[in-house]
1. Yes or no: region 12-27 includes at least one residue that is among the basic types (Lys, Arg) and over 25 Å from Val124 (Cα atoms).
2. Return yes when Val115 is of a type outside the set (Phe, Trp, Tyr), over 27 Å from Leu6 (Cα atoms), at pLDDT 95 or above and out of contact with any Asp or Glu (no Cβ under 9 Å at 6 or more places or on another chain) and no when it is not.
3. Could you identify the single residue in Leu69, Leu51, Leu28 that is touching a Phe, Trp or Tyr at 6+ places or on another chain (Cβ under 9 Å), part of a helix (DSSP H, G or I) and crowded, with 17+ Cβ neighbours inside 10 Å?
4. Being in contact with a helix residue (DSSP H, G or I) (Cβ under 8 Å, 6 or more places away or on another chain) and β-branched (Val, Ile, Thr) is the filter here; which residues of region 90-123 pass it?
5. Report, by residue number, each residue of region 72-86 that is of a type outside the set (Phe, Trp, Tyr), touching a residue at least 12 places away in the same chain (Cβ under 8 Å) and assigned to a helix (DSSP H, G or I).
6. Phe77 - would you say it is touching a Gly at 6+ places or on another chain (Cβ under 7 Å) and either under 20 Å from Ile107 (Cβ atoms) or among the basic types (Lys, Arg) (or both)?
7. Criterion first (out of contact with any Gly (no Cβ under 6 Å at 6 or more places or on another chain) and in a helix (DSSP H, G or I)) does Ser89 satisfy it?
8. Please work out if Thr39 is crowded, with 19+ Cβ neighbours inside 10 Å, among the polar types (S, T, N, Q) and within 30 Å of Arg122 (Cα to Cα).
Amino acid sequence: MMQIVLVATGGAVGSVLRYVVGLGAMKLLGSSFPWGTLTVNVVGCFGIGVLAELIVARFGGSADLRLLLITGFLGGFTTFSAFALDAVSLFERGAAFSSFVYLASSIVVSIAATVAGMLLMRSVL
């Protein structure tokens, strides 16, 4: 039961933060491109690289800490399903090139952010 509470707590905080980032991105950059989703996916990938390196690789963190931060918080924060819908929506609105750019940049930059987060922690610790 405690594991469910940890995932739910982390997920609640992550999803609220995702909403705030989405609002901020729309206010700053407009709504013609899914900047909020792209931002949370890249930041979430960087965060999972950092947390995986810190919790799992460096400090042998507990399963509970992984559930709270990685499964819960980052699971609530990142938006892969929204990413997929945004890509399809761009394509259906006739913005095939933007859809392709969004897909490619999300995948490449998110993987790079994961590696960057891991490398940062390896160089700091």
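The values are calculated or read from the model by the stated rules, or taken from the named source; none is laboratory data. Computed from a predicted model, the values in this text were never measured in an experiment. Neighbour counts are summed over all protein chains in view; Cβ atoms, including those assigned to glycine, are modelled from backbone coordinates with ideal geometry.
1. Pass one, region 12-27, residues among the basic types (Lys, Arg): 18, 27.
Then drop every residue that is not over 25 Å from Val124 (Cα atoms), which leaves 18, 27.
There is at least one residue in region 12-27 that is among the basic types (Lys, Arg) and over 25 Å from Val124 (Cα atoms).
2. Values: of a type outside the set (Phe, Trp, Tyr): yes; over 27 Å from Leu6 (Cα atoms): no; at pLDDT 95 or above: yes; out of contact with any Asp or Glu (no Cβ under 9 Å at 6 or more places or on another chain): yes.
Criteria not met by Val115.
3. Numbers: Leu69 fails: touching a Phe, Trp or Tyr at 6+ places or on another chain (Cβ under 9 Å); Leu28 fails: crowded, with 17+ Cβ neighbours inside 10 Å.
That would be Leu51, the only listed residue that is touching a Phe, Trp or Tyr at 6+ places or on another chain (Cβ under 9 Å), part of a helix (DSSP H, G or I) and crowded, with 17+ Cβ neighbours inside 10 Å.
4. If the condition is that a residue be in contact with a helix residue (DSSP H, G or I) (Cβ under 8 Å, 6 or more places away or on another chain) and β-branched (Val, Ile, Thr), then Val109, Ile111, Thr114, Val115 are the ones that fit.
5. We begin by selecting, within region 72-86, every residue of a type outside the set (Phe, Trp, Tyr); these are 72, 74-76, 78-79, 81-82, 84-86.
Among the residues that remain, those that are also touching a residue at least 12 places away in the same chain (Cβ under 8 Å) are: 72, 74-76, 78-79, 82, 86.
Once the filter is applied, which keeps residues that are of a type outside the set (Phe, Trp, Tyr), touching a residue at least 12 places away in the same chain (Cβ under 8 Å) and assigned to a helix (DSSP H, G or I), region 72-86 yields Gly72, Leu74, Gly75, Gly76, Ala82, Asp86.
6. Working: touching a Gly at 6+ places or on another chain (Cβ under 7 Å): yes; either under 20 Å from Ile107 (Cβ atoms) or among the basic types (Lys, Arg) (or both): yes.
Yes; evaluated as a whole, the condition is true for this residue.
7. Values: out of contact with any Gly (no Cβ under 6 Å at 6 or more places or on another chain): yes; in a helix (DSSP H, G or I): yes.
Taking the combined requirement at face value, the residue satisfies it.
8. No: the conditions fail for Thr39.
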